[in-house]
Amino acid sequence: MQAGELFEQKITPPEVARRLRVSVKSAYQWHQLWRADGVQALASRGPSGSRCRLSPRCLEKLAVYLEQGPAAHGWVEDQVWTASRVATLIGRKFHVSYRVSGATRLMHRLGFSPQVPARRVAERDKSAVAGWKEATWAEVKRVRAACGGSICFEDEAGFTRRPPRGRTWGRRGRTPVVTVSGRRSGRLSVAGLIALRPGSRTRLSHRLRTHPAGKGTRRSMSERDFIALIDGIHQLVRAPIVLVWDRLNTHVSRRMRDLIAERAWLTVFLLPAYSPDLNPVEWVWAHVKRSLANLAVMALDRLETLVRNRLKRLQYRPHTLDGFRAGTGLTLDTPTSP
């Protein structure tokens, strides 16, 4: 339409192409249409190709069917939507025949794209998780506001010399090979703790413990390791601690309960079962393990150095830690200005 206005001012097609940054060929085609039928001939005729064979109402229903998952429509052996299954579903529900290519284009039109799904445990109780976010989280914030302390999330993870796999460049037809250790060469246990407090910088504290290979040796952290981490963050923030963590057996043991009872400044809340998405420290482990993808074979002490280095970087990135907390969907009350 801008080209039509320029043609009316007797601007030549090459000059129109230069001003509008289009090809000269397109400018001449527009000029020919403008000379034949005027500016109205330049109006868009809509997308090219055949019209969609499903009405807008049918498209809305199809989107709902796809959100229900394959198992709701008879494919119970797996949980994968393929273009072939979508074409079959369209035929069953709307009695319209679609090819695989057409179903693919239709999926893109509805806003769907091929993605790697996130895993969620089948035993997860959605109502318990929702109730925790509404009631327990409000109680956590109320207790923190009453004592003036910090809310701390804690979680633990393990690292071995066999790293997670990550994407890398490789020649077509040749799968890249990463050399890893096949022996039981020890394990590295890490406990991390994120401290949140309205109006203060988000802090990250951690504690590492190496477990060399061998029978009869402990391969996880003990209650003393966890309580030492909590004591350390208490000395750092110099305020009461409202701790939120999962139901690991070490967290709920009798020995741990006795250690918690000895600390009047410590209040503990338990997360609901199978809800790692509510713990921002889980995002810390995902971030660190992603940076260690395709790790070359090395000694256990070298792995410990790398993990310490990654965690040390995060300690100086409070905005990244705030992003991990925002990913859980848990809001933190900010202090109101007078």
Problem set entry | segment 190-338 - Kirkwood radius from inverse mean 1/r over Cα pairs (Å) | 17.0
Seminar exercise, completed: Ratio for the chain, C-alpha Rg to 2.2 N^0.38 Å, reads 1.47
Problem set entry | Given charges at beta-carbon only (K, R positive; D, E negative), |dipole| of the chain in Debye | 1360
Exercise. Roughly how many Å² is the accessible area per residue of segment 15-58, as a whole number, for a 1.4 Å probe?
Worked result: 85
For this session: Give the calculated FRET efficiency between ARG308 and ASP277 to the nearest 0.05, with a Förster radius of 30 Å applied to their Cβ-Cβ distance.
Result: 0.70
Exercise. Residues of segment 126-175: accessible area per residue at 1.4 Å, in Å²?
Worked result: 68
For this session: Sum up the lysine pairs in the chain that clear both bars: alpha-carbon distance under 22 Å and a spacing of 8 or more or different chains.
Result: 5
Exercise. Accessible surface of PHE7 in the full protein assembly, 1.4 angstrom probe, to the nearest 10 Å²?
Worked result: 10
Exercise. How large is the charge dipole for segment 257-337, taken about the Cα centre, if only the Cβ atoms of Lys, Arg (+1) and Asp, Glu (-1) carry charge, to the nearest 20 debye?
Worked result: 400
Exercise. When N is the residue count of segment 17-72, what does its C-alpha Rg come to as a fraction of 2.2 N^0.38 Å?
Worked result: 2.00
Seminar exercise, completed: A 1.4 Å probe over the protein heavy atoms gives segment 1-57 a carbon and sulfur accessible-area percentage of 48
Problem set entry | Longest exposed-site-free window of the chain, the sites being GluC sites (Glu not before Pro) in a DSSP loop that have at most 15 other C-beta atoms within 10 Å | 124-261
Seminar exercise, completed: When the charge dipole of the chain is computed with +1 at the Cβ of Lys and Arg and -1 at the Cβ of Asp and Glu, the Cα pointing farthest to the positive end, of TRP169, ILE194, HIS234, is that of TRP169
Seminar exercise, completed: One would report the antiparallel percent of DSSP beta bridges in the chain, rounded to the nearest 5, as 65
Problem set entry | Portion, in percent, of the accessible area of segment 127-224 that falls on carbon or sulfur, probe 1.4 Å | 46
For this session: Could you tell me which of VAL96, GLN32, GLN79 has its Cα farthest along the dipole of the chain towards the positive end, charges placed at Cβ (Lys, Arg +1; Asp, Glu -1), taken about the Cα centre?
Result: GLN32
Problem set entry | Whole-number Å³ per residue for the convex hull built on Cα positions in segment 55-207 | 258
Exercise. What is the dipole size for segment 182-290, taken about its Cα centre, with +1 at each Lys and Arg Cβ and -1 at each Asp and Glu Cβ, in debye to the nearest 20?
Worked result: 520
For this session: Identify the residues of segment 1-15 with backbone N under 20 Å of a label point that sits 7 angstrom from the Cα of GLN40 along the Cα-to-Cβ direction, or state none.
Result: 1-9
For this session: Roll a 1.4 Å probe over the protein chains and send me the accessible area per residue for segment 271-338 in Å².
Result: 55
Exercise. For segment 178-278, how big is the tail of P(r) above 24 Å, as a whole percent of Cα pairs?
Worked result: 33
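The values are calculated or read from the model by the stated rules, or taken from the named source; none is laboratory data. Keep in mind that what you see is a predicted model, and the values were worked out from it rather than measured. All Cβ positions, even for glycine, are placed from backbone atoms using ideal geometry, and neighbour counts span all protein chains on display. The protein model used for the area step is the full one, side chains on, heavy atoms only, and it has no ligands, DNA or RNA in it. Shrake-Rupley method; radii C 1.70, N 1.55, O 1.52, S 1.80 Å.
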